[in-house]
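What follows is a short report on a single structure.
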Amino acid sequence: MNPDTFLLPVRDNITLRFIRPDEAEALYKLVDRNRAYLRKWLPWVDAQTGPEASKENILGRIEKVKTMGMLDLGIYLEGKLIGSMGFNRIVADQRKASIGYWISPEFQGKGIMTDCVRALLDYGFNERHLHRIRIQCSVNNKRSAAIPEQLGFTFEGIAREDEFLYDHFEDSRIYSILAQEWKSRNKQ
Ligand SMILES: CC(C)(COP(=O)(O)OP(=O)(O)OC[C@H]1O[C@@H](n2cnc3c(N)ncnc32)[C@H](O)[C@@H]1OP(=O)(O)O)[C@@H](O)C(=O)NCCC(=O)NCCS
């Protein structure tokens, strides 16, 4: 896969693609503006100290698609970067992956992330031939849990003290969906 040309359409005006290194400033500003909101649930926010760190993050994403098949994409609304999502972990030989996501708060609650996850599930199961896709989120992150619940994932249980968030551990809710479940759910 070529990260320069990869594009996943979500809706008419929404696409997923790799963030380009020349967009480091835009990514940094988006994160910096929403630091408190993102920091509540995501462990990497403090490491985003400036556009240089964002550029490293972008280059890391491009490197990881080449070496590990990971797929960490920008969400673009009419060409404007509004968030990020993708396969933040993938074990290609076992055909399984995990999805991570965040979106700028002014675009929350419009179903955009649900549609992005839907597009990524189609891509993961149909194009990458994955077998199992997982979403994990803090037990307290109700908004995040609404996404796998709405898309027919199975709740598997709680992983205790699963994620370290700056100064404390959070328990995670673990959800998964299998290829056959997604395909039969989407059969016409
Ligand atoms: C978690 C997060 C990505 C959810 O994004 P979101 O924009 O709320 O997600 P969606 O809009 O797709 O779906 C969730 C809600 O929208 C509703 N929705 C779905 N389709 C909709 C539509 N077409 N129109 C309006 N609302 C819709 C859903 O029913 C759900 O409603 P709820 O808010 O009452 O639960 C966002 O809150 C976020 O980035 N949070 C900070 C970072 C974070 O927590 N990341 C996840 C770590 S595990």
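Quick notes
- Computed extension gain for GLU63 through ASP32, at 0.36 nm per residue and net of the alpha carbon distance, reaches 8.8 nm.
- Rounded to whole numbers, the Karplus 3J(HN,Hα) couplings from phi for the stretch 161-167 are 6, 7, 10, 8, 10, 6, 9 Hz, using 6.51 cos²θ - 1.76 cosθ + 1.60 with θ = phi - 60°, and x at Gly and Pro.
- Relative to the globular-protein estimate of 2.2 N^0.38 Å, the Cα radius of gyration of the chain stands at 0.99.
- Here the Karplus curve 6.51 cos²θ - 1.76 cosθ + 1.60, taken at θ = phi - 60°, turns the phi angles of the stretch 120-129 into couplings of 5, 5, 4, 5, x, 7, 8, 9, 9, 6 Hz, with x standing for Gly and Pro.
- Estimated translational D of the stretch 5-95 in µm²/s (Stokes, Kirkwood radius over Cα pairs; 10 °C; 1.306 mPa s): 115
- The stretch 21-103 - percent of accessible surface contributed by carbon and sulfur, probe 1.4 Å: 52
- Solvent-accessible area per residue in the chain equals 53 Å², computed with a 1.4 angstrom probe and all protein chains kept.
- Low-density loop cleavage sites - chymotrypsin sites (Phe, Trp or Tyr not before Pro) in the stretch 114-188, where at most 15 other Cβ are within 10 Å (DSSP): TYR166
- Note on ASN140 and SER184: the model spin-label points, each 7 Å out from Cα along the C-beta direction, lie 3.8 nm apart.
- Estimated 222 nm signal from helices in the chain, with DSSP H stretches of n ≥ 4 weighted -39500 (n - 2.57), rounded to 500: -9500 deg cm²/dmol
The values are calculated or read from the model by the stated rules, or taken from the named source; none is laboratory data. Treat the numbers as computed from the prediction; the structure is a model and nothing was measured. Because the Cβ atoms are built from the backbone with ideal geometry, glycine has one as well, and the counts that use them run over all protein chains shown. Just so you know, the surface numbers come from the protein's heavy atoms only, side chains and all, with ligands and any DNA or RNA stripped out. Shrake-Rupley method; radii C 1.70, N 1.55, O 1.52, S 1.80 Å.
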